[in-house]
Structures are given as structure tokens and as C-alpha cells.
Amino acid sequence: MIRNSEYYKKELKKAIRKISQNKEQYVIDPKKNFTRKRKLPLDVTLRTMMSLGGSSLNREMLDVFNFDTDMPSSQAFLKRRSKILTKAYEDIFYSFTQTCSSPKLFKGYRLLAVDGSDLHVPTNPHEEESFFPERKNLKAYNLLHLNAMYDLNEHIYTDAVIQSARKHDECAAFTAMVDRYHSSHPAVFIADRGF
């Protein structure tokens, strides 16, 4: 099977559609959220989130909706996005990576590398676990810690754990990812001393 960008787009859309068909599990209030017909149903909101790049939200929305004059506002998008549970994104990730994965082995083993990295996110003093107040010559900021598992032969991320930077625990994240690893192939896990 040829796996090109169209194949991966199709698989991602399929994973998003699966979540949208079971929206009761993935929204804050299943009786209210995403029940009426709007410009931003759950699948469109999720696809938009997945397609965001580094530009301003207004610019990204223009790209997603092809400069349509009837496109939803950025505020409407932010409001809809806030009604989606984190579990939706996790399940899309796992569903997508499973369909795209066809283990390439090294001497019968999958080679999985794990590492962590801090992510600077928008400043929000109300998120106490990730907030770092202003200090001498340094503005206030929020940090998350991403622990990711990457298949070295397939060139695909297979798992991730996001923690607050204040309380990150790479050993616990690594243990959680190893515990979640289910494959018919044994694996060699590679990590630095922090893990």
C-alpha cells in the first residue's frame, strides 16, 4: 500500500469522524454542546484545531475557510473549542497513529525513543501548576512538559504524556507509556538519564 499525504489526510479525517460520531464522550456537556447545527460542528472544530499553524488565529481561520465571507469568527471558534474535552485529542492521536503504524523491526524489535521537552504556552496566571511569575529581567510565562515516544524506524510518534512544568515527572511519564505499549512485537526503549 502506498502511503502518501492523501492517505494520511484520509486516516486523520476518519479518526476525527469517529470522535464526532461519539461526541457525548468528548464534550463537556453532552446535552448542550454541539447539539445544534452551526458553522462549527465538532468535526470541523477538531479539523481546524489540527490544521492550525503559527499564524494568528484570524489568519488561520481565513486559510481554513478559504477566505469565505460567511466564515465563523475567531471568538466563535474559541468558544466551541473550549467545550471539547482533552480526551478527544488523545483518542484522535491514538486512533490515527494505530492506522498509520506498520512496525518496521530491527532484529525483531521495535526501537522506541523517549524524551521530554518544555513547551511555552500562552500566559495564564490562573493555571497555577504551569505558571511562573515575573522575575528579574523575565516576564511571567506558563510551561508544560511534553514526554513523547517516537518509533525510530517508522518515523512516527506513538505515545505522549503532557505534564505541568512545575510537577513534571519523566519517570512516571515513561512508566505510563511503557504500560500502555501493546504490540505483538517486543520493543527496545531508549531514553536519557532523566528517565
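The values are calculated or read from the model by the stated rules, or taken from the named source; none is laboratory data. Keep in mind that what you see is a predicted model, and the values were worked out from it rather than measured. Don't worry about glycine lacking a Cβ; one is built from the backbone with ideal geometry, like all the others, and counts go over all protein chains shown. Surface accessibility is based on the protein's heavy atoms, side chains included, excluding ligands, DNA and RNA. Shrake-Rupley method; radii C 1.70, N 1.55, O 1.52, S 1.80 Å.
Annotations
- Helices (runs of 4 or more DSSP H) (entirely within segment 1-72) containing at least 3 residues that are touching a residue at least 60 places away in the same chain (Cβ under 8 Å): 5-21
- Residue within segment 75-86 that is open to solvent by less than 60 Å² (accessible area, probe 1.4 Å) and of a type in the set (Ser, Thr, Tyr) present: no
- The single residue among SER117, SER95 that is surrounded by 15 or more Cβ atoms within 10 Å (Cβ to Cβ), polar (S, T, N, Q) and either closer than 29 Å to LYS167 by Cβ or modelled with pLDDT under 90 (or both) turns out to be SER95.
- Residue in segment 128-148 that is of a type in the set (Gly, Ala, Ser), within 20 Å of the chain's Cα centre (by Cα), open to solvent by 40 Å² or more (accessible area, probe 1.4 Å) and closer than 30 Å to ASN4 by Cα present: no
- Condition met for ARG81 (of a type outside the set (Val, Ile, Thr) and under 15 Å from the mean Cα position of the chain (by Cα)): yes
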